[in-house]
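Chemist: This structure is in structure tokens; I'll ask about it shortly.
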Amino acid sequence: MWLYVGIGGSLGALTRYGVSLLFSPFQFNGFPIATFSVNILGSFLLGLTLGYVQNNELKNRRLYTGLTAGFLGSFTTFSTFSVETVQFIESGMFLMSVAYMVGSVVFGWMLASSGTKLGKRMWQVGKGLG
């Protein structure tokens, strides 16, 4: 199990770094687009995975754990989100900090919810129930 989490974690961290490089040219008044993007995308992907697995007999626990705890756990980043929020507040950008916090929670929840519903639907379609 440790190996799957380690491999997934390495791939998630590398992917997150790649996304940060991809988004680095894009700035919106200092808004951390890369962190925001990986966190809401990760919320969607975790919801999708959980929605699918909830209705499906889990055949490969190692792969599931490597994907969820490993890849998605290192792809998303609560600590960076927290530090960036603190930096906004310390810089006197209170409204930006509130927008970032509320936006991250609301969009993260919406995408996790949508992903869960889609994952359940994918399972039903795969079983011929769609």
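The values are calculated or read from the model by the stated rules, or taken from the named source; none is laboratory data. Here the structure is a predicted model, which means the values were calculated and not measured. Every residue, glycine among them, receives a Cβ derived from its backbone with ideal geometry; neighbour counts consider all protein chains shown. Areas reflect the complete protein model, heavy atoms only, side chains present, ligands, DNA and RNA absent. Shrake-Rupley method; radii C 1.70, N 1.55, O 1.52, S 1.80 Å.
Chemist: Give segment 81-129 a look and list any residue that's of a type in the set (A, V, I, L, M, F, W, C) and touching a Pro at 6+ places or on another chain (Cβ under 7 Å), or say none.
Modeler: Within segment 81-129, no residue meets the criteria.
Chemist: Among all residue pairs at least 6 apart or on different chains, which show Cβ distances below 8 Å where the first residue, located in segment 92-117, is closer than 17 Å to Phe28 by Cβ and free of Cβ contacts under 8 Å to residues at least 24 places away in the same chain and the second is among the β-branched types (Val, Ile, Thr) and open to solvent by less than 30 Å² (accessible area, probe 1.4 Å)?
Modeler: Ser97/Thr85; Met101/Thr85
Chemist: Tell me, which residue of segment 20-49 that is among the β-branched types (Val, Ile, Thr) and under 14 Å from Phe71 (Cα atoms) is modelled with the lowest pLDDT?
Modeler: Filtering first and then ranking leaves Thr49.
Chemist: Can you tell me how many residues in segment 103-130 are of a type in the set (Lys, Arg) and not in a helix (DSSP H, G or I)?
Modeler: Looking only at that region, the number is 1.
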